[in-house]
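Everything on this sheet refers to the single structure shown next.
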Amino acid sequence: MAKKSGTKHLKRIAMPKSFGMPRKAHTWVLNPLPGRHSKLKSVPLSHAVINLGFAKNAKEAKHVLNTRKVLVDGVPRTEEKDPVGFMDVITVDKDSWRAFFDGKGRVVFKPTSNSSVKLCKVVNKTKVKGGKIQLTLHDGKNVMGFDAKPGDTVEVSLPQGKAVGKIALQKNALCFVIGGKKIGSLIKVSEIIDGSATRKSEIHGELEDGKPAITLKEYLFPVKEGFI
């Protein structure tokens with residue numbers, strides 16, 4: 001019988017960098033389910049619970065999740081393989097953490113006091129039935145009737161999922177780098193160079209330490225001052 005889908009298992013030696021776990025400690029690791037984030041840019045929710053110190057192993061993490069006290073973007077989640085990725089907000093009781101990338105592309109969690117707002121990058125813009133504009137965001141959400149361009153960032157209220165603001169990708173915008181060699185850095189845009197059929201759009205800017213930097217436009221995620 002022919003194989004119908006990808007493997008449900010994942011060995012540590014083949015896991016993505018985003019997991020940030022020792023590769024030779026054990027043979028297997030939880031394989032994130034298809035969902036809001038790519039496997040290459042996320043971690044299983046069970047691993048996030050362990051990383052935050054609420055469990056020591058997968059068995060304890062599963063027990064914690066079954067209490068329904070772990071919220072992701074304001075919604076209770078119990079699936080241990082649920083993917084958690086960039087800008088997702090995890091809340092346990094009264095404490096909240098936001099997911100970021102470090103300098104090696106690993107998903108890390110930082111405490112946040114603003115758990116009611118999430119920044120989402122616009123990855124697609126299309127017109128749907130009735131002439132309304134639909135924005136597709138980087139975490140799989142869809143927003144209707146809001147004015148933004150692909151590459152811009154939309155402020156989304158949690159858990160309602162409504163767009164309440166926008167941060168445009170333009171000159172002097174502050175951006176978080178989510179890919180490439182400068183992942184995990186903040187860069188201030190000084191120039192946007194449009195691409196062509198054979199060349200991707202580039203961004204020239206300045207890092208936090210004042211050094212000049214060049215990266216691809218698709219790697220930038222506009223943010224607000226003080227948000228990170």
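The values are calculated or read from the model by the stated rules, or taken from the named source; none is laboratory data. Just so you know, these numbers come straight off a predicted model, no measurement behind them. Using ideal geometry, Cβ is built from the backbone for each residue, glycine included, and neighbour counts are taken over all protein chains shown. Please note that ligands, DNA and RNA were not included when accessible areas were found on the heavy atoms of the full protein model with its side chains. Shrake-Rupley method; radii C 1.70, N 1.55, O 1.52, S 1.80 Å.
Descriptive notes on the structure:
- The solvent-accessible area of Phe146, taken with every protein chain present and a 1.4 Å probe, is close to 50 Å².
- Rounded Å value of the spacing that divides the Cα centres of the range 13-37 and the range 71-113: 16
- The slack between Lys81 and Ala197, meaning 0.36 nm per residue of separation minus the straight C-alpha distance, is 37.9 nm.
- Relative contact order of the chain: 12 percent, from C-alpha pairs under 8 Å at least 6 residues apart in sequence.
- Using a simple spin-label model with pseudo-atoms 7 Å out from Cα toward Cβ, Thr27 and Lys62 lie 1.8 nm apart.
- Normalised radius of gyration (Cα atoms, divided by 2.2 N^0.38 Å) for the range 117-228: 1.10.
- Here Ala168 and Lys94 are evaluated by their C-beta separation; at R0 = 41 Å the FRET efficiency comes out at 0.75.
- A value for mean projected area of the Cα convex hull in nm² was derived from the coordinates, and within the list (1) 13.3; (2) 16.0; (3) 12.4 it appears as (2).
- Most tightly packed first, judged by the mean number of other beta-carbon atoms within 10 Å of their residues, the peptides 187-200, 160-173 read 160-173, 187-200.
- Three-way shape call for the range 1-98 based on the alpha-carbon gyration tensor, with the a/c threshold at 1.5: prolate
- Between Lys181 and Asn142, residue separation times 0.36 nm minus the direct Cα-Cα distance comes to 11.1 nm.
- Normalised alpha carbon radius of gyration of the range 72-175 [divisor 2.2 N^0.38 Å]: 1.14
- The range 68-113 shape via C-alpha gyration tensor axes, a/c threshold 1.5: oblate
- A Förster radius of 22 Å, combined with the Cβ-Cβ distance separating Ser38 from Val128, puts the computed FRET efficiency at roughly 0.35.
- Label-point gap, in nm, between Glu225 and Lys11 - each point 7 angstrom along Cα→Cβ: 5.1
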